[in-house]
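Any read-out appearing in this document is the output of simple, stated calculations on the displayed coordinates, not a laboratory observation. Given the structure is predicted, the values throughout are model-derived calculations rather than measurements. Ideal geometry is used to build each Cβ from the backbone, glycine not excepted, and the neighbour counts take in all protein chains shown.
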Amino acid sequence: MNIYHRAITIKTVAGRPSYHDMSDEIKAVIEQANIQNGLLTITTPHTTCSLFFDECMHDTNYFGDDYLHVDINNVLDNIVPKMTSENQYNSPGPKHIEFGLSLSDPNYPAEKWVMLNTDAHIRSSLFGCFSASVIIKERVAQLGELGRIYFVDWDGLRERNRTVNFMTMGN
């Protein structure tokens, strides 16, 4: 049995959820792993992100967002309103803000406003799935003709670099 690992970095956008079709990366990983038949697992370690399986809808808005993703955002805006100020939700509380301000990350400022992302945590929890698994058969991901695995970062407060991990097992 062969095992292959790969990680990629995705740059997200600010101001709205950031969706990314993983099709090209999935094909590349299968090719690089040199696996004929097996399993591909895709994960992300970020708590405001999701991986999900859905259909490619072909039409996009002026930002390049798939119409289905725009529809998902519109529905979620009604269920989980975007966080616009402190105390809109119970989270984050004072202990979490203190913890967040104590972190030192040169890529992101230690400011209170960056923790106003409770809506992104709720959306990720509702949408679920920090991982997805795909069967590989004869060097092809078994996703169907229109099926895609999408990565989404629900936290649109600022641009970020996000990690997506791939692992294949098989022969």
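Residues whose amide H lies under 5 Å from that of Leu157, counting only those 5 or more places away or on a different chain, are Gly15; hydrogens are built 1.01 Å from N in the peptide plane.
When the chain is treated as a Gaussian network with alpha carbon springs shorter than 10 Å, the biggest mean-square fluctuation among Leu101, Leu157, Leu51 belongs to Leu101. Shown here for the range 6-69: chymotrypsin sites (Phe, Trp or Tyr not before Pro) in loop regions (DSSP other than H, G, I, E, B) with at most 13 other Cβ atoms within 10 Å, namely Tyr62, Phe63. Note on the chain: GNM, Cα springs under 10 Å; of Asn73, Asn90, Asn37, the largest mean-square fluctuation is that of Asn90.
For the chain, set up a Gaussian network in which alpha carbons nearer than 10 Å are linked by springs, and say which option among Glu145, Glu31, Glu86 fluctuates the most. Maximum among the listed residues: Glu145.
Where only DSSP H runs of four or more residues are counted, the chain gives -7500 deg cm²/dmol as its mean residue ellipticity at 222 nm, each run worth -39500 (n - 2.57).
Projecting the Cα atoms of Leu51, Asn87, Leu103 onto the charge dipole of the chain, computed from C-beta unit charges around the Cα centre, puts Leu103 farthest toward the positive end.
Using r as the Cβ-Cβ distance of His5 and Tyr62, and R0 as 30 Å, what FRET efficiency do you calculate, to the nearest 0.05? According to the calculation, E is roughly 0.20. Among the trypsin sites (Lys or Arg not before Pro) in the range 125-171, those placed in a DSSP loop whose Cβ has at most 16 other Cβ atoms within 10 Å are Arg139, Arg158. Reducing the range 89-146 and the range 9-65 to their Cα centroids gives an inter-centroid distance of 14 Å. Note that the range 26-108 shows a convex hull volume over its alpha carbon atoms of 210 Å³ per residue. The slack in the chain from Asn161 to Lys27, taken as 0.36 nm per residue of separation less the alpha-carbon distance, amounts to 46.1 nm.
Under the convention that each Lys and Arg Cβ holds +1 and each Asp and Glu Cβ holds -1, the size of the dipole of the range 28-171 around its Cα centre is about 440 debye.
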